[in-house]
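Here the structure comes first, spelled out in structure tokens, and everything after it is commentary.
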Amino acid sequence: MIYKRSSALFAEAEKVIPGGVNSPVRAFNGVGGTPIFVKEAKGAYLYDEDGNRLIDYINSWGPMILGHAHEPVVNAVIEKAKKGTSFGMPTEIETQIAELAVSMVPNIDKIRFVNSGTEACMSAVRLARGFTGKDKIIKFAGCYHGHSDSFLIQAGSGASTFGTPNSPGVTKGTAKDTLLATYNDIENVKALVEANKNEIACVIIEPVAGNMGCIPPTKGFLEALREVCTVNNILLIFDEVMTGFRLAKGGAQELYNIKADIACFGKVIGGGLPVGAFAARNEIMNYLAPIGPVYQAGTLSGNPLAMAAGLAMLTELNNKPEIFTSLAEKTAYLHTGIAKVLTENNITHTINRVGSMISIHFDDAEVVDFNSAAKGNNDTFKAFFHGLLNAGVYIAPSAFETWFITDALSYDDLDFTIAAINTVAKTL
Ligand SMILES: *Cc1c(COP(=O)(O)O)cnc(C)c1O
């Protein structure tokens, strides 16, 4: 494939945008080479500026669950745009999408809309701190909750239970309130809780991790986590920015039948426009301004275009729940096909999958947490990524990302992908 125009556009972008991109993973630092510039997209396909067609397995990192330029969503946005694009005043559509979301997601009475997943998680943590009157939070290594200070924390050195900043600009003061736990390790969580008695406001978790590849919770882990939180008066926050409206109508709470205290949403809930949200039962949500003491706000929050896109998307998912089965079946088909060709070509691998989230790890050990995910052979991944790209299949440019399956994919697309993987595997 030829990327002449993409390369030229990237060179131009680098002059005026740091690294040429507005979000780092797009820069291909994990795989080398220069990013592809998208011209347009429809259904399961991306078309780049050089005229190449790519089957898309990122789907805007999740939102395009029904395919790109999905007509009901596009039409809803066009119709709304004609009537004004922002007022900073209440509109009826905000209540409509809130009612729908509350009816789809278990255990929530109220929902507040924001503009990104980052905002949703950041606000949920503030709400949890305000509600419990406690300062510390527990997050899991390898889980991503957006780029707000409290989450940009890595494991502390040696025996320290405190995290340390993993970006300049995050203060030590902030870092000391974030404790880092190991995913799928309940004893580790219990030890942190014990060592910080009555200081922990919340545990925030991706109920299915999607930012270190796809890592499902091991059997009983979420149940045990729920129990530890309940017993210790700690709020359990499910970051469902990836899993919400994707694994089931009601997200991971529904799939695993576990009640979170606060749920965070993003990606799918905005239908491809910048939207996030956080939701909880009345007792907690009524702690928010203007009726409660915890401040949270946004000039563009509940923006009519964003709400129109989100409402169109959720309406479709709500009316056609068979989409979730269809997505899971397509993903399972892909899983079986990929496993077969990788095995036939003697490529060491582990494949993780939940619903329409799937990831391939180039190592044969079970991938259950950040350390096991980090063992994957990155050189193999890089060659795999570029081989697939050349064949017209676009996966995320990082070994730590999940593939997001869209219902717009046909079985022919899946067969094409499996055949491409077979060809690429012979070169690895
Ligand atoms: C993408 C993501 C976020 C951050 O959302 P943005 O819209 O990028 O700010 C938070 N949590 C999870 C689980 C995510 O995947």
Go through 123, 150, 103 for me and flag whichever is among the small types (Gly, Ala, Ser), farther than 23 Å from residue 295 by Cα, in contact (Cβ under 8 Å) with a residue 24 or more places away in the chain and part of a helix (DSSP H, G or I). 103
Quick one: residue 139 ticks every box in (1) closer than 16 Å to residue 276 by Cα; (2) within 16 Å of the ligand (Cβ to nearest atom) except a single one, so which number is it? (1)
Of the residues in segment 168-181, those that are in contact with a strand residue (DSSP E or B) (Cβ under 9 Å, 6 or more places away or on another chain) and open to solvent by less than 50 Å² (accessible area, probe 1.4 Å) number 8
Could you list, in sequence order, all residues of segment 370-408 that are outside any strand (DSSP E or B) and of a type in the set (Ser, Thr, Tyr)? 372, 380, 398, 402, 406
Would you check which residues across segment 1-22 are farther than 24 Å from residue 390 by Cβ and either open to solvent by less than 50 Å² (accessible area, probe 1.4 Å) or among the β-branched types (Val, Ile, Thr) (or both) and list them? 16, 17
Pick from segment 84-126 the residues that are surrounded by 23 or more Cβ atoms within 10 Å (Cβ to Cβ) and more than 16 Å from the ligand (Cβ to nearest atom): which of them is farthest from residue 266 (Cα to Cα)? 108
For segment 201-250, which positions are over 12 Å from the mean Cα position of the chain (by Cα), under 30 Å from residue 67 (Cβ atoms) and of a type outside the set (A, V, I, L, M, F, W, C)? 216, 217, 249, 250
Is it true that some residue in segment 396-406 is open to solvent by 10 Å² or more (accessible area, probe 1.4 Å), of a type outside the set (Lys, Arg) and more than 17 Å from the chain's Cα centre (by Cα)? no
Cβ pairs under 7 Å, 6+ apart, first in segment 237-249 and farther than 13 Å from residue 270 by Cβ, second part of a strand (DSSP E or B) and away from the ligand (no atom under 12 Å from the Cβ): 237/202; 237/203; 237/262; 247/354
Criterion violated by residue 364 - all others in (1) at pLDDT below 95; (2) open to solvent by less than 10 Å² (accessible area, probe 1.4 Å); (3) of a type outside the set (Phe, Trp, Tyr) satisfied: (2)
Can residue 75 be described as open to solvent by 50 Å² or more (accessible area, probe 1.4 Å) and in a helix (DSSP H, G or I)? yes
Can you give me the number of residues within segment 47-58 that are under 21 Å from residue 20 (Cβ atoms) and either under 20 Å from the mean Cα position of the chain (by Cα) or buried (at least 21 other Cβ atoms within 10 Å of the Cβ) (or both)? 4
Where the second residue is near the ligand (Cβ under 10 Å from one of its atoms) and part of a loop (DSSP other than H, G, I, E, B) and the first is among the β-branched types (Val, Ile, Thr) and lies in segment 259-271, which pairs have Cβ atoms under 8 Å and are six or more apart or on separate chains? 268/62; 268/63; 269/275
For segment 409-426, the count of residues that are in contact with a Leu (Cβ under 9 Å, 6 or more places away or on another chain) and open to solvent by 40 Å² or more (accessible area, probe 1.4 Å) equals 1
Name the residue, out of 308, 332, that is hydrophobic (A, V, I, L, M, F, W, C), closer than 27 Å to residue 418 by Cβ, more than 16 Å from the ligand (Cβ to nearest atom) and part of a helix (DSSP H, G or I). 332
Top-ranked residue in segment 253-268 [being in contact with an Asp or Glu (Cβ under 9 Å, 6 or more places away or on another chain) and under 13 Å from residue 104 (Cβ atoms); ranked as nearest to the ligand (Cβ to nearest atom)]: 265
Matching entry among 208, 241, 231 (being within 16 Å of the ligand (Cβ to nearest atom), of a type in the set (Val, Ile, Thr), assigned by TED's automatic domain parsing to the domain that holds residue 276 and open to solvent by 10 Å² or more (accessible area, probe 1.4 Å)): 241
Between residues in segment 281-298 that are in a helix (DSSP H, G or I) and residues that are of a type in the set (Val, Ile, Thr), which pairs lie under 7 Å by C-beta distance while being six or more apart or on different chains? 284/262
Take residue 223 and decide whether it is open to solvent by 10 Å² or more (accessible area, probe 1.4 Å), touching a residue at least 12 places away in the same chain (Cβ under 8 Å) and away from the ligand (no atom under 13 Å from the Cβ). yes
Given the conditions (1) surrounded by fewer than 19 Cβ atoms within 10 Å (Cβ to Cβ); (2) free of Cβ contacts under 8 Å to residues at least 60 places away in the same chain; (3) closer than 20 Å to residue 256 by Cα, and given that residue 189 satisfies all but one, which numbered condition is not satisfied? (1)
Could we say that residue 179 is outside any loop (DSSP other than H, G, I, E, B), within 23 Å of the chain's Cα centre (by Cα) and within 16 Å of the ligand (Cβ to nearest atom) here? no
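The values are calculated or read from the model by the stated rules, or taken from the named source; none is laboratory data. None of the values given here were measured: they were computed from a predicted structure. Virtual Cβ from ideal backbone geometry, glycine too; neighbours counted across all protein chains shown. Note: accessible area is taken over every heavy atom of the protein model, side chains too, but ligands, DNA and RNA are not part of it. Shrake-Rupley method; radii C 1.70, N 1.55, O 1.52, S 1.80 Å.
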